[in-house]
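Report on the following structure.
The values are calculated or read from the model by the stated rules, or taken from the named source; none is laboratory data. Nothing here was measured: the structure is a model prediction, and the numbers come from that model. Positions of Cβ are backbone-derived with ideal geometry, glycine not excepted, and every protein chain shown enters the neighbour counts. For the accessible areas, the whole protein counts, side chains as well, though only heavy atoms, and no ligand, DNA or RNA atoms are used. Shrake-Rupley method; radii C 1.70, N 1.55, O 1.52, S 1.80 Å.
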Amino acid sequence: MTPFAIAAPGRILFGRGEAARAPGLIRAFGARGLVVHGASPARARWLVEALQAAGAATLALPCAREPDLPLLLSALRTARDFRPDWVAAIGGGAALDLGKALAALVPAPGGPLDHLEVVGRALPLSAPPLPFIALPTTAGTGAEATKNAVIGLPDHGRKVSLRDDRMLARLAIVDPALTDHTPRATTLASGLDAITQVIEPFVSRRATPFTDALAAPAIAQGLAALARLMQAEDPGARDILAWVSLSGGLALANAGLGAVHGLAGVIGGLCPAPHGAICGALLAPVLRLNRAHAGEEPARRLDQVFGQIAATLGGPPADAPATLARWVAGAGLPGLVAQGVDPALFPRIAAAALASSSMQGNPVPLTEAELTRALEDAA
């Protein structure tokens, strides 16, 4: 067996009601802290008030959009002035990414561009991050279990990562009740991201027995749970999708991703569409493309994925990408053009994706022309 390592949060709590333990557990990390939340402060008020009642000086910071460099720089100035002992984030992937980046950069002597990949110097952190605590309120990104924070750079039209093994959360609390009654469109987009993030690590050239154990059973579970939630609100399906999202975060932190995320990272820097919606539009075309070029082992893994799609959504396994594409469209997810992606940019997106870190895990090497065709299929 090929040697492998496991990177994971220091402690994970999973289950309904576990969020109630957050104030006491967070307070143990120190007397001063930041709580990063999404656009609505109401979702985080209970946590801020409970921390303050426990004697913690607590500053709440909003993350009203997917974090970009200007937002990060502004939040970083505020955070450094406050001198926190810890950073907690409650919200979707955007809030968790901003909180993770602040925990990493508050102690750092330099700025974000010293450490950002691709457009920055990509230097390792020169100081240990502050303790980071994650409480996801959507089931999609798995950011509670990853060691990177995705930051947009509007001037470059790119999204890139700040990455360090020490950025893993000290504590991740995954309480599916925090995801109950998420709006349907958000559930669809984030759920497709979660499913993509168990499929791509499973077929990744970096897959390990650990990531296989997480990702393989989660593919069909995630598809079935998402299909149920497109029909009606269902706490049991929310529980499963939260587990799939966590599994995907753990799997991608250890096996990487693939062409879907390679393309989505570039598109996200050019278009304001939700990341999960972009991934959802790309998943079927990329699966079809990878299978067409797969050798023996990648083909075996892709065929296993095709079988799970067929068993859940119907149709023959060989037609699984088409079946998935029809289901995604029928659930209401628009294609890339309707999401605001200009088809004239497809060659530029494909070329930039080839240089992304996500492409390093793709099961087969792909060309710019092949990636452009996948974009056209997802249009």
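Points to keep in mind about this one:
- Counting the residues of region 1-23 that are assigned to a helix (DSSP H, G or I) and open to solvent by 50 Å² or more (accessible area, probe 1.4 Å) gives 2.
- Selected residue [of a type in the set (A, V, I, L, M) and in a loop (DSSP other than H, G, I, E, B)] from ALA220, ALA213, ALA207: ALA207
- Unmet criterion (only one of (1) open to solvent by less than 20 Å² (accessible area, probe 1.4 Å); (2) under 23 Å from THR146 (Cα atoms); (3) without any contact (Cβ under 8 Å) to a residue 60 or more places away in the chain) for LEU51: (2)
- Residue in region 58-75 that is charged (D, E, K, R) and open to solvent by 70 Å² or more (accessible area, probe 1.4 Å) present: yes
- Count of region 327-379 residues which are open to solvent by less than 30 Å² (accessible area, probe 1.4 Å) and farther than 22 Å from PRO274 by Cβ: 7
- Any hit, region 89-96, residues being open to solvent by less than 10 Å² (accessible area, probe 1.4 Å), touching a residue at least 60 places away in the same chain (Cβ under 8 Å) and small (Gly, Ala, Ser): no
- Failed item in (1) within 12 Å of the chain's Cα centre (by Cα); (2) under 24 Å from ARG11 (Cβ atoms); (3) hydroxyl-bearing (Ser, Thr, Tyr), with THR211 passing the rest: (1)
- For region 118-168, the strands (runs of 3 or more DSSP E) that sit wholly inside it and include 1 or more residues that are farther than 26 Å from ALA273 by Cα and modelled with pLDDT of 95 or more are 132-136.
- Only one of the numbered conditions (1) open to solvent by less than 20 Å² (accessible area, probe 1.4 Å); (2) modelled with pLDDT of 95 or more; (3) not in a loop (DSSP other than H, G, I, E, B) is not met by ARG80, and that is (1).
- Against the criterion of being more than 27 Å from PRO365 (Cβ to Cβ) and of a type in the set (A, V, I, L, M), LEU241 qualifies.
- Restricting the first member to region 215-234 and to residues that are touching a residue at least 24 places away in the same chain (Cβ under 8 Å) and more than 17 Å from THR182 (Cα to Cα), and the second to residues that are among the hydroxyl-bearing types (Ser, Thr, Tyr) and crowded, with 24+ Cβ neighbours inside 10 Å, the beta-carbon pairs closer than 8 Å and six or more apart or on different chains are ALA215/SER247; ALA218/SER247.
- Scope region 169-196; condition assigned to a helix (DSSP H, G or I), open to solvent by 10 Å² or more (accessible area, probe 1.4 Å) and under 18 Å from ILE12 (Cα atoms); matching residues: ALA177, LEU178
- Top-ranked residue of region 97-145 - restricted to ones that are within 13 Å of the chain's Cα centre (by Cα) and hydroxyl-bearing (Ser, Thr, Tyr), ranked as least open to solvent (accessible area, probe 1.4 Å): THR137
- Selection within region 36-46 - within 13 Å of THR137 (Cα to Cα) and either over 23 Å from the mean Cα position of the chain (by Cα) or in a helix (DSSP H, G or I) (or both): ALA42, ARG43, ALA44
- Boolean, ALA320 is under 16 Å from GLY191 (Cα atoms), buried (at least 22 other Cβ atoms within 10 Å of the Cβ) and of a type outside the set (D, E, K, R): no
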